[in-house]
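Below is one structure, written out as structure tokens, with a few remarks after it.
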Amino acid sequence: MMNIEKKQQVLFVSSEVYPFAKSGGLADVSYGFPRAMSPFFDVEIIMPMYKSIDKKKFGIKPIKLSFKIELGKKKYEVELFATIYNGMKCYFVESKILSNKKYLYGTPESGYKDNDLRFGLFSKAVVEFSKQHKKYDLLHLNDWQSALCALFVKEDASLQTKTLYTIHNMAYQGVFGKETLDKLGLSSAYFDMDALEYYGDINYMKAGIVYADAITTVSPNYAKEILTPEFGCGLDGFLVKHQNKLVGILNGLDLSHFSPASDSALVQNYDTQNYDKKLNNKIAYLKETGLENDALALFVFVGRFTWQKGIEMLVEALDALENQNFNIAILGDGESKYKQQIKEISKKRKNINLFFGYDEELSHRMYGSADFLIMPSLFEPCGLNQLIAMNYGTLPIVSSVGGLKDSVYSLSDFGLNDGYGLGICFDVKTPHALQDAMQKALDLYEEKEKFKEINQHNMQCDFSWKHGSHAYASLYNYLLDSME
Ligand code: ADP
């Protein structure tokens, strides 16, 4: 008889998962990564049940598991739901304070005041679920919203479960007042600089860093950067202390979701062999937006309007560019001061199209229509936009930082034979440098054959989870082997 070895059980814990809830790249990773790991492990996903999730649309049903979670002096009712989406089992934690809000974490301007309780509750409920539902060998935690799971696992002597903590962005750490410890019913011993204390407050990310068995971040370069004051967002010294368990692994794309050959959001599907058909998407997109002249280069920007994404730099570069022989389309949402700046510049230029809001299909149409993607990030843990763009034959223009440095290789230094994704990269993060990069892009756009060849080359590069999933599988095995 064939000996079929039982795969080890992994619970992937995330605060957002595409298509149920998405505010950025974490949702894409939480959709694609568990699927990429499923040949090696039995992976299931768990996330909060938000008010915005349409239970009916996704066939989300109760699983007849409910319990009470005690935090401080209060008890919270928790009910578990589940669905199977594209072959992946996803569980949802529903509880009043977690599930009764309009947004996931808060308005674009500020987080909800009770986020400490909401995600403390979520984390404790996940650990309770992992005890009551079935035995998981590994909990893979993501960002501050689930970082406390590592602490709750360590506090429970009955649990042998290993924990892995992935940092997707150092800028979001989950920092709350000192009183949070009492609210969660946690011992005051945690108010210590080697534990959760952070300049007189409580920092959830620190729980992941201290108590998880290993830490990853989303690119090798960001793993180095966050050990420095410039990128560590106040936790660089703390990370240096724990760097023996930190490793950077580059994110990948789920190609079933991001592929121009099969993307149903596109007017025209295309692949490397019929790259010229991409133009039909551009023509349709210009018509949709009222931009004119498909012979002109089309730049796009897709992303959250925060300091990180270099919006100010983009606005200044657009203002300064004398050559206005191009179109640019901007899709995003976020802080109102950036919206205001973008609105102002678009009033001055008729070659700019704006769409404020979140629109998944529109973003796909933009990747499928554009000639260039602009990504002038001041820091970028990994970045998915540049990977999506290259996969859609859209040339990225990026600042050389974080994961952008690990995924986009400069056309000035590398060629088609090197096998890397290519783009226009700039080192100094100034409007002038971006302006120069855009001018280089416009010059390259004139060299039609060369431009096409580079984009076709990028489309043939592998931006999938293939490499990353093997690296994570080795890490999972290393952690699980140390279990016995
Ligand atoms: P982030 O820092 O936001 O996580 P990433 O580059 O890692 O940035 O991932 C961004 C993901 O979110 C990409 O899939 C991108 O297309 C998508 N995205 C960002 N803003 C919007 C928007 N306004 N509408 C649609 N998709 C968006």
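Pull up segment 361-396, narrow it to residues that are among the aromatic types (Phe, Trp, Tyr) and either in contact with a Pro (Cβ under 8 Å, 6 or more places away or on another chain) or part of a helix (DSSP H, G or I) (or both), then point me to the one that is surrounded by the most Cβ atoms within 10 Å (Cβ to Cβ). For segment 361-396, the residue satisfying everything is 372.
For every residue, the table says whether it meets (1) closer than 11 Å to residue 14 by Cα; (2) touching a Ser or Thr at 6+ places or on another chain (Cβ under 7 Å).
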| site | (1), (2) |
| --- | --- |
| 126 | yes, yes |
| 130 | no, yes |
| 135 | no, no |
| 141 | yes, yes |
| 145 | yes, yes |
| 151 | no, no |
| 154 | no, no |
| 159 | no, no |
| 165 | yes, no |
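Mind checking which residues of segment 12-60 are among the polar types (S, T, N, Q), in a helix (DSSP H, G or I) and more than 14 Å from the ligand (Cβ to nearest atom)?
Just the residues of segment 12-60 that are among the polar types (S, T, N, Q), to begin with: 14-15, 23, 30, 38, 52.
Filter once more, keeping what is in a helix (DSSP H, G or I): 30.
Answer for segment 12-60, where residues must be among the polar types (S, T, N, Q), in a helix (DSSP H, G or I) and more than 14 Å from the ligand (Cβ to nearest atom): there is none.
State yes or no: is residue 17 open to solvent by less than 20 Å² (accessible area, probe 1.4 Å) and under 20 Å from the mean Cα position of the chain (by Cα)? Judged against the criteria, residue 17 is a match. Just to check your reading of the model, which residue among 227, 255, 235, 266 is more than 16 Å from residue 472 (Cα to Cα), among the hydrophobic types (A, V, I, L, M, F, W, C) and open to solvent by 60 Å² or more (accessible area, probe 1.4 Å)? Step by step, each of 227, 255, 235, 266 is checked, and only 255 is more than 16 Å from residue 472 (Cα to Cα), among the hydrophobic types (A, V, I, L, M, F, W, C) and open to solvent by 60 Å² or more (accessible area, probe 1.4 Å). Looking across segment 226-258, just one residue is closer than 11 Å to residue 170 by Cβ and touching a Pro at 6+ places or on another chain (Cβ under 8 Å), and that is 236. When the residues of segment 280-308 are filtered to those that are β-branched (Val, Ile, Thr) and more than 17 Å from residue 384 (Cα to Cα), the one that is surrounded by the fewest Cβ atoms within 10 Å (Cβ to Cβ) is 283. If the condition is being open to solvent by less than 70 Å² (accessible area, probe 1.4 Å) and without any contact (Cβ under 8 Å) to a residue 24 or more places away in the chain, then segment 73-94 contributes only 82.
Can you pull out every residue in segment 147-175 that is part of a helix (DSSP H, G or I) and closer than 22 Å to residue 380 by Cβ? Of everything in segment 147-175, just one residue is part of a helix (DSSP H, G or I) and closer than 22 Å to residue 380 by Cβ, namely 147.
The values are calculated or read from the model by the stated rules, or taken from the named source; none is laboratory data. It should be emphasised that the depicted structure is a prediction, and the values quoted were computed from it without experimental measurement. As a convention, Cβ positions derive from the backbone with ideal geometry for all residues, glycine included, and neighbour counts pool all protein chains shown. To get the accessible areas, we keep the full protein, side chains included, count just its heavy atoms, and leave off ligands, DNA and RNA. Shrake-Rupley method; radii C 1.70, N 1.55, O 1.52, S 1.80 Å.
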